[in-house]
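Report on one structure; see the data block that follows.
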Amino acid sequence: MIESALERLEIEASQDDTDKAKTTVAALVDLWIDEKQSGKFSNLREVTKREIRSTGKLIKKLWGELQVNAVTKQQVQEFIGNHPGRLVTKRNNRVRIGGFFNWCSENGYGNENPAKNIKIDTEDSKSPETVSLADVTAMLVIAQSDPRYRPLIKYLALGFFAGLRPDEIRRLPKENINLSTGQIFIAKEITKTKTERFVTINETLLAFLNAFPDEPIYHPNFIKLFKGIRQKIGYGFNGIDGKHWIPDGIRHTFGSMWKAKHKNIYELAHEMGNSPEVINKHYGRAIPAQEVEEFWAIRPLPPAPVQ
């Protein structure tokens, strides 16, 4: 794979600029992905490599048959502007698509980056949406009572009651969870900010960790299971009608519920690995006191009676 990619790059390098400009986007996507995964960029995290592959697949679907210079700023603007995702998703698409076209330009395949300077309409300033208390409860009940979804229970508990980022949970070694000291160690190697921190194991999280000691933190079949459990409580996917899942909704739920209970943005910033400014900006939603109390009072289901 690597050798063939390098050979293709050498052949393409021998072409003049006119020939390079005629190369299709689909072919360039393959070269771009091969180079990123060739070892030249060995410091890239696996999650970054997955994002590159995902972006490449998207670009092929949108403009794969076009020559690279035929993709216009208007086409990219229309895709990003019409995307149903939230502002952060649109910004991410702009950055990732732009990364591909920057690579094309740097390697002599295109004249410019059509994603450059694209303006994205801002959304109303409001706190991130959270998962409803009813849906939090439903997901936890299903994960405990249905053996198929039992492998999700620790992921859900660490997300809802500790606010760990999805990638932090996925990469968290079980030995970093110390029940005796009541802390979870988040090493800099597994977190987005490259800054280590300790996260407090509160009473709610402790109850779930004690109740399910043998369940995995992150199951190999997580993506399929996570999609399935959301469908069971009414979320739609791939043309199936249903509620819209909230990106990062689990983490946002923790942040909003923790701030509503403790009202200390500086401590919450440390727990979540954010700055106080981000916490103050994103977790200001007013939540009724009863809802906050019910959330933190959630506990594992009692053991099923022995038959």
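The values are calculated or read from the model by the stated rules, or taken from the named source; none is laboratory data. Note that the coordinates shown come from a computational prediction; the quantities given were computed from them, not determined experimentally. All Cβ positions, even for glycine, are placed from backbone atoms using ideal geometry, and neighbour counts span all protein chains on display.
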Exercise for review: Provide a single number: the residues in segment 178-192 that are surrounded by fewer than 20 Cβ atoms within 10 Å (Cβ to Cβ) and either of a type in the set (A, V, I, L, M, F, W, C) or outside the structural domain of His270 (by TED's automatic domain parsing) (or both).
Suggested key: 3
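Matching residues to (1) part of a loop (DSSP other than H, G, I, E, B); (2) over 21 Å from Arg197 (Cα atoms):
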| site | (1), (2) |
| --- | --- |
| Lys259 | no, no |
| Leu268 | no, no |
| Gly284 | yes, yes |
| Glu291 | no, yes |
| Phe295 | no, yes |
| Pro300 | yes, yes |
Practice item. Could you figure out which of (1) within 28 Å of Arg45 (Cβ to Cβ); (2) of a type in the set (Gly, Ala, Ser); (3) in contact with a Leu (Cβ under 8 Å, 6 or more places away or on another chain) isn't true of Ser145? Key: (1)
Review point. Would a scan of segment 234-247 turn up a residue that is modelled with pLDDT of 95 or more, within 23 Å of Ile153 (Cβ to Cβ), outside any loop (DSSP other than H, G, I, E, B) and of a type outside the set (D, E, K, R)?
Key: no
Check your understanding: When residues of segment 63-78 are filtered for being part of a loop (DSSP other than H, G, I, E, B) and surrounded by 15 or more Cβ atoms within 10 Å (Cβ to Cβ), how many remain?
Key -> 2
Study note, to complete from the structure: Inside segment 178-197, the number of residues satisfying the requirement of being among the hydrophobic types (A, V, I, L, M, F, W, C), without any contact (Cβ under 8 Å) to a residue 40 or more places away in the chain, closer than 26 Å to Lys261 by Cβ and outside any loop (DSSP other than H, G, I, E, B) is 2
**Study point:** Residue that is surrounded by 13 or more Cβ atoms within 10 Å (Cβ to Cβ) and either at negative phi or of a type in the set (Lys, Arg) (or both), where the choices are Thr253, Thr195
**Key:** Thr253
Study note, to complete from the structure: Only one of Leu152, Leu158, Leu172 is modelled with pLDDT of 95 or more, surrounded by 13 or more Cβ atoms within 10 Å (Cβ to Cβ) and not in a helix (DSSP H, G or I), namely Leu172
Revision key, fill the gap. The residue that is modelled with the lowest pLDDT, considering only those in segment 265-286 that are within 22 Å of Leu133 (Cβ to Cβ) and either over 26 Å from the mean Cα position of the chain (by Cα) or surrounded by fewer than 17 Cβ atoms within 10 Å (Cβ to Cβ) (or both), is Gly284
Point to revise | Filter result for Lys60 (of a type in the set (Lys, Arg), farther than 30 Å from Lys194 by Cβ and either at pLDDT 75 or above or surrounded by fewer than 15 Cβ atoms within 10 Å (Cβ to Cβ) (or both)) | key: yes
Review point. Does Lys227 meet the test of being exposed (fewer than 11 other Cβ atoms within 10 Å of the Cβ), without any contact (Cβ under 8 Å) to a residue 60 or more places away in the chain and of a type in the set (D, E, K, R)?
Key: no
